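Have a look at the structure below before the remarks.
Every number here is computed from the coordinates shown, using simple stated rules; none is lab data. What you see is a predicted model; the values in this text were computed from it and never measured. Cβ: placed from backbone, ideal geometry, glycine included. Neighbour counts: every protein chain shown.
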Amino acid sequence: MSNTQGFSRRQFVSSAISAAAISCLPNGRDLFTGTTAPKSGTREIAQQSSVVLTITPSWRDQGILNVTKSPYAKLRNVPVHAVTIGNGFWAQRREINVHKSIPSMGKLLEANGRVDNFRRLIGKSTAAQRGPVYSDSDVYKWTEAVAFALQSGERPELRTAADKIVKDIVAAQQPNGYLNTYYVGDHASQRMEPKAQQWGHELYNMGHFLQSATAYYRATGDRTLLDAGIHFVNDFLLPNFGPGPDKKPLFSGHPEMELALVELYRMTGDKRQLDLAGYLLRGDSRIHVQPRDYVYHFCGTPFTSRTHLEGHAVRAMYACCGATDYYLETGDPAYWKTLNVLWKDLVSSQMYVTGGVGARSDGEAFGDPYELPNARAYGESCAAIGNMMWNWRMLAATGEARFADLLERALYNGINSGMSLDGTLYCYRNPLAFDPSGGDKIRNEWYDTTCCPPNLERTLASLPGYFYSTSGDGIYLHLFDNSELDWHLENGVGLKVRQKTNYPWDGSVEISLAPAEPTEFTFFLRIPGWTDNAEVGVNGKALAGATPGQYLPIRRRWSAADVIRVQFNMTPQFLEANPQVVENNGRVAVQRGPLVYCLEQIDQPEGVTLKDVALNLGAKSSAQFQEEFHKDLLGGIILLRHAGAAYGESAEHNSLYFRYSAEPRKSRPVSLTFIPYYAWANRTATPMQVWTPISRA
Ligand SMILES: [Zn+2]
């Protein structure tokens, strides 16, 4: 990235309100600058960075990640606005997201005092602080969701509501750049103290602040939030914290700041920001925590010394995102080696078939290898989102389809399940089996720790930015849905791509290309790893070489009206788990296309209970499913029916242990009905399971 840093500063007149905020500090003195707080109501002059930002690409044309100049990025992002998703699977979810989820979450953040937390600091509210220490981040994630919606040109009226909040947030920032609504007043003396660094989420909150500021800037060109974020980093963090005897050490109690700092560096070219991310990823030996906490926090020891995923799953995923971002800028081979070791660990022993991660409720953590319980699965929505974000970065580094496969798996299943179909209820945890008789309510409109809902909202709002990437050779298509791309190749030639499909219900996709002028380039078509085979044709002529789990490179001189047709085999498949996943022994999961399916009690014949059924597979390789499209069921789905067996009551059924018998258990035939996993728990609460036993009959 070119060095665009310029540290010319301008005098920045903050509102009277910042002054009110600083007066909350003990003895009226600023924690780090030692300046005496002015009396409330006086005007305070603060320094605010006016850093020169990169202008190539312009703010409008920066993608989810601005890796345009990242030396170790093979693929570049396409901006969110360049892709318009038409009627189809994601349009429906995204429409509900912007019309219901984002507005209702905005109201809930208000109703639960999360926005008042900022207003209290600026004299606009007398309400007491509410919510846990990380509550600021939820307001920031919500603002980021609005920003991504605005990048798509959706709901421009949301900007008015967001602008009001942005104004209050920025006004609550202290003159020295510090911003947090919890560590004020009686808590101010704990600010950035070692214990607060470990548990207080100050850096985590500000990492989300930076992400929201980045998305907001890319949506509007308005630097207000971004300048406040730069002010925090350049004037509060960098002068006071970091390596060296004259600075205090940092501990990234909840990784998140790392990835935000690298993205900031991509806009400012200020290498100090990248170096600070590297410092956080290395850890500082001056800070000592309990050995178990290096595991839990997934920080404090060099990232490059990690050999497996462990500890808090969201922390680990965000740390991996930050480390991949750091690699994309530095090319440090030690990072690349570790990232690949951790990714292999993820896919070989730590990930649910839904793309969810984090097996244990205790510590919201990864379990031992192959410890993937179904009913007790944690699978926090945020962790699945972290998984998607990490794979997006690995994909940028390599252009390898295995990362896109994983991204798609997490997106369609473990993430998509996190939001109800009506967009107002959210799963914090995403188990693979569930029995409501335990009294657990799985979908709720609000959690006191409400990290997941706005995280889901920002993910759906940013979705168009994940469809394509460009490279020096041409363009990559990652995700399938009705959509139109209006962008350009890296050589500047304009390119439109239109997808027509009914994916994921149908495996046929028609892709029309229209370069502004006939141009030779490679169209990298993703052939998903889940399909047995794919037929690809260009302008009616069959093309060989499509291999599941790879991009098919189609290089030719493309011109307007060229059409690629692809047909993926969508035959439902049974998946088995590694035998070391003991709960799944003798069971199979059902997948059709990118969608994992499940059984819900409510769909099964009268008198049939889930704990009492099995699948009759016959010759397993040729699954005999009946597919039925139901327009009015669960937003319109293809449900799958398959022959099964119901065992019913028996003597064995009531015994804990009994003698083995070679005789098959008595059963009666039933037809079992599967729905897509993402749609579960959207009707009357009944039991659900993803992994179903195979009949021994
Ligand atoms: Zn969460």
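Cα extents of the chain along the three principal axes, largest first, in whole Å?
Extents along the principal axes, in whole Å: 84, 68, 46.
With a cut-off of 8 Å between alpha carbons and a minimum separation of six or more residues, what is the relative contact order of the chain in percent?
12 percent
Extension gain residue 308-residue 437, at 0.36 nm per residue separation less the Cα-Cα distance, in nm?
Once the chain is fully extended between residue 308 and residue 437, it gains 42.8 nm.
What whole-number distance in Å separates the alpha-carbon centres of the range 123-168 and the range 373-437?
24 Å
For the range 79-109 and the range 293-364, write down the distance between their C-alpha centroids in whole Å.
So the two Cα centres are separated by 30 Å.
May I ask for the net charge around residue 481, where only other residues with Cβ less than 14 Å from the Cβ of residue 481 are counted and Lys, Arg are +1 while Asp, Glu are -1?
Net charge around residue 481: 0.
Once both axes come from the Cα atoms, what is the angle between helix 135-151 and the longest principal axis of the chain, in degrees from 0 to 90, rounded to 10?
70 degrees
Using each residue's phi in the range 667-673, evaluate 6.51 cos²θ - 1.76 cosθ + 1.60 at θ = phi - 60° and report the 3J(HN,Hα) Karplus result to the nearest Hz, with x for Gly and Pro.
Going residue by residue, I get 8, 10, x, 9, 9, 9, 10 Hz, with x marking Gly and Pro.
Could you list 496, 164 in order of exposure, starting from the residue whose Cβ has the fewest other Cβ atoms within 10 Å?
By the 10 Å Cβ count, ascending, the order reads 164, 496.
Can you spot the aspartates and glutamates whose alpha carbon is less than 12 Å from residue 247's alpha carbon? Ignore those fewer than 8 places along the same chain.
Once the sequence-local aspartates and glutamates are set aside, what remains near residue 247 is 284.
Pull up the cross-link candidates among the lysines for residue 164, meaning alpha carbon to alpha carbon under 24 Å and not fewer than 8 places away within one chain.
Hits, sequence-local ones excluded: 100, 107, 124, 141.
Can you tell me which of 141-152, 115-126 comes out highest on packing, and rank the rest after it, using the mean Cβ neighbours within 10 Å?
Ranking the peptides 141-152, 115-126 by packing returns 141-152, 115-126.
With each run of n ≥ 4 DSSP H residues scored as -39500 (n - 2.57), what mean residue ellipticity at 222 nm is computed for the chain after dividing by its residue count and rounding to the nearest 500 deg cm²/dmol?
It lands at -8500 deg cm²/dmol.
Distance cut-off 22 Å, Cα to Cα: go down the list 500/631; 195/248; 195/441; 248/271; 195/271 and report the pairs above it.
195/441; 195/271
Have a look at the DSSP beta bridges in the chain and tell me what percent are antiparallel, nearest 5.
Of the beta bridges lying entirely in the chain, close to 95 percent run antiparallel.
Most exposed first by the Cβ proxy, i.e. fewest other Cβ within 10 Å, how do 512, 671 rank?
671, 512
What is the sum of charges around residue 687, taking Lys and Arg as +1, Asp and Glu as -1, for the other residues whose C-beta is under 12 Å from the C-beta of residue 687?
-4
Identify, among 104, 326, 647, the residue whose Cα sits farthest towards the positive end of the charge dipole of the chain, taking +1 on the Cβ of Lys and Arg and -1 on the Cβ of Asp and Glu, with the dipole about the Cα centre.
Towards the positive end, the residue furthest out is 326.
Return the whole-Å distance between the Cα centroid of the range 678-697 and the Cα centroid of the range 221-279.
46 Å
For the range 387-401, what does the Karplus curve 6.51 cos²θ - 1.76 cosθ + 1.60, with θ = phi - 60°, yield as ³J(HN,Hα) per residue in whole Hz, taken in order and with x for Gly and Pro?
Here the 3J(HN,Hα) series is 5, 5, 4, 5, 5, 4, 6, 5, 5, 4, 6, 10, x, 9, 5 Hz.
Kindly put 598, 451 in sequence by how many other C-beta atoms sit within 10 Å of each C-beta, fewest to most.
Result, fewest neighbours first: 451, 598.
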